[in-house]
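First comes the structure, then the notes that go with it.
Just so it is clear, none of the values below were taken in a lab; they were calculated from the coordinates. Everything quoted here is computed from the prediction, not taken from an experiment. For neighbour counting, all protein chains shown are included, and Cβ atoms are generated from backbone atoms with ideal geometry for every residue, glycine included.
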Amino acid sequence: MTRTILVTGGAGYIGSHTVRAMRAEGRPVVVLDTLELGNADAVIDAPLVVGDIADEALVTSVCREHDVDTIVHFAAYKNVGESMQQPSKYFHNNIDGTVHLLDAAVAAGVQHVVFSSSCSVYGTPERIPVDEDQTIQPESVYADTKAIVERILGWYDQVHGLRSVSLRYFNAAGASFDSRIGEDWDYALNLIPVAIRALLRGDQRLKVFGDDYPTPDGTCVRDYIHVDDLAGAHLAAVDLLRNGGATTAVNVGTGIGSSVKQVLDGIERVAGKPVPHDIVDRRAGDPVSTFAEPTRAREVLGWQARYGLDEILDSAYRWHLSQHVGRPAAG
């Protein structure tokens, strides 16, 4: 009988899509989430335990009760700007909380961890596309918490035999194709939900930070990956570990860079009207261009992205439009 996967932060944006993908394949899943930033409805039919990853007694109990052999760990704070203003919040939650989680996992006999890491561990990339051999040089407290947890996981493998895959995401975006679940724009900081909010609600104009970069159209370039593709990478990582795979870190992206202007043009095509925006000064710390070298994901996980920018923007717009209907008007 297949053992259960514990998904921490499974009521959040990426977590809920991953839980849904697991349930679609009939995999036993249990979700642990504080619901501070998550949405219980997004878990749909998976069992939900409301609690904190730092509660070792609770985590140990859940793992034993549900016969958990693998943890997929999303639970973390992720606001880069906030992390630079409140570093202790990020160190306590993202690092201390994870150590408590891992200690509970070891106590309960859990064997594998799939960790939600980030391409931000590379800082400003030394070369493009970004491969896994680049120097780890985080430039924010948030990014450093991801890099530190990756190192912690390496030690837990050496000391306890707890094997792990750290997935270094590029820019997660989009929504489920049936518009059942998606990203809450009230908490979102990323370009696509913020741009669609500006278009639909009209309560704020989008700020485009610089149009004078050395790129084809002058705006920054990023690698956008559909959240359903990202969910699939987590399933592939679980299978790798269950089949005896070694602890490793893998970039998860499409390998294709899209500029801010291309994103805004794409939203206009989907919505039929332009995103209200202003060009403002460059923002400190923004890399000019960054996108993944996806070869290792294909070779190690047997995974590659299926969807491109058009599917991302179409699914995101339809999701946000469905949520916008019935909301009070801005003003």
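Could you calculate the FRET efficiency of VAL50 with ASP217 from 1/(1 + (r/R0)^6), where r is the beta carbon distance between them and R0 is 45 Å, rounded to 0.05?
0.50
Which value, in debye to the nearest 20, describes the size of the charge dipole of segment 1-61 about its Cα centre when Lys and Arg Cβ atoms bear +1, Asp and Glu Cβ atoms bear -1, and nothing else is charged?
Taking the Cα centre of segment 1-61 as origin, the dipole is about 340 debye.
On a full-extension model of 0.36 nm per residue, what is the gain between GLN304 and HIS324, subtracting their alpha-carbon distance, rounded to one decimal in nm?
4.0 nm is the gain from fully extending GLN304 to HIS324.
Could you grab the relative contact order for the chain? Cα pairs under 8 Å, six or more apart, rounded to a whole percent.
Relative contact order, the chain: 18 percent.
Once you place label points 7 Å from the Cα toward the Cβ at VAL99 and ALA246, how far apart are they in nm?
The answer from the label model is 2.7 nm.
Pop out the Kirkwood hydrodynamic radius of segment 103-231 from its pairwise C-alpha distances, inverse of mean 1/r, in Å to one decimal.
Every distinct Cα pair counted, the radius reaches 17.5 Å.
Multiply the residue gap between ALA107 and GLU82 by 0.36 nm, knock off their C-alpha separation, and tell me the result in nm, one decimal place.
5.7 nm
Can you give the FRET efficiency for ILE152 and TYR187, using 1/(1 + (r/R0)^6), R0 = 35 Å, r = Cβ-Cβ distance, to the nearest 0.05?
It comes to 0.85.
Which value results for Rg/Rh of segment 58-118 when Rg is the Cα radius of gyration and Rh the Kirkwood radius based on the inverse mean 1/r?
1.05
Any idea what the relative contact order of segment 264-323 is, in percent, if you count C-alpha pairs under 8 Å spaced at least 6 apart?
Contact order relative to length: 43 percent.
When you count, for each residue, the other Cβ atoms within 10 Å and take the mean per peptide, how do 93-104, 165-176, 49-60 rank with the highest first?
So the peptides 93-104, 165-176, 49-60, ranked by packing, come out 165-176, 93-104, 49-60.
Whole-Å semi-axes of segment 258-308's equivalent ellipsoid, largest first, each the root of 5 times a Cα gyration tensor eigenvalue?
30, 19, 6
Scattering from the C-alpha atoms of segment 103-170 alone, worked out with Debye: what is log10 I(q)/I(0) at q = 0.13, 0.19, 0.23, 0.28 1/Å?
Those come out to -0.40, -0.75, -0.96, -1.21, one per q.
Could I have the simple spin-label model distance between HIS92 and ASP286, label points 7 Å from Cα toward Cβ, reported in nm to one decimal?
Reported label-point gap for HIS92 and ASP286 is 3.3 nm.
For segment 237-251, in order, what is each residue's ³J(HN,Hα) by Karplus, 6.51 cos²θ - 1.76 cosθ + 1.60 with θ = phi - 60°, in whole Hz (x at glycine and Pro)?
After applying 6.51 cos²θ - 1.76 cosθ + 1.60, I find 5, 4, 5, 4, 5, 5, 8, x, x, 7, 4, 7, 10, 9, 5 Hz.
Would you calculate the separation in nanometres between label points at ILE279 and ARG64, each defined as 7 Å from the Cα along the Cα-to-beta-carbon direction?
Taking the simple label geometry, ILE279 and ARG64 are separated by 6.3 nm.
Considering Cα pairs under 8 angstrom that are at least six residues apart, work out the relative contact order of segment 1-119 and quote it in whole percent.
Worked out over segment 1-119, it gives 29 percent.
In whole Å, what three semi-axes, largest first, describe the equivalent ellipsoid of segment 219-320 built from its Cα gyration tensor (square root of 5 times each eigenvalue)?
31, 17, 10
Over its Cα atoms, what ratio of radius of gyration to 2.2 N^0.38 Å does segment 140-189 give?
Rounded to two decimals, the normalised Rg is 1.63.
Considering only the other residues whose Cβ falls under 12 Å of the Cβ of LEU35, what net charge follows from Lys and Arg at +1 and Asp and Glu at -1?
-4
Which of rounded, prolate or oblate describes segment 225-273 when judged by the alpha-carbon gyration tensor and an a/c cut-off of 1.5?
Prolate.
Kirkwood hydrodynamic radius (Cα pairs, Å) of segment 183-249?
Roughly 15.3 Å, rounded to one decimal.
Give me the Kirkwood hydrodynamic radius of the chain in Å, from all C-alpha pairs, to one decimal place?
20.2
Under 18 Å between alpha carbons: how many lysine pairs meet that in the chain, if sequence neighbours fewer than 8 apart on the same chain are excluded?
Here the count comes out as 6.
For helix 191-201, report the angle its Cα long axis makes with the longest principal axis of the Cα atoms of the chain; keep it between 0 and 90° and round to the nearest 10°.
So the helix axis and the longest Cα principal axis differ by about 60 degrees.
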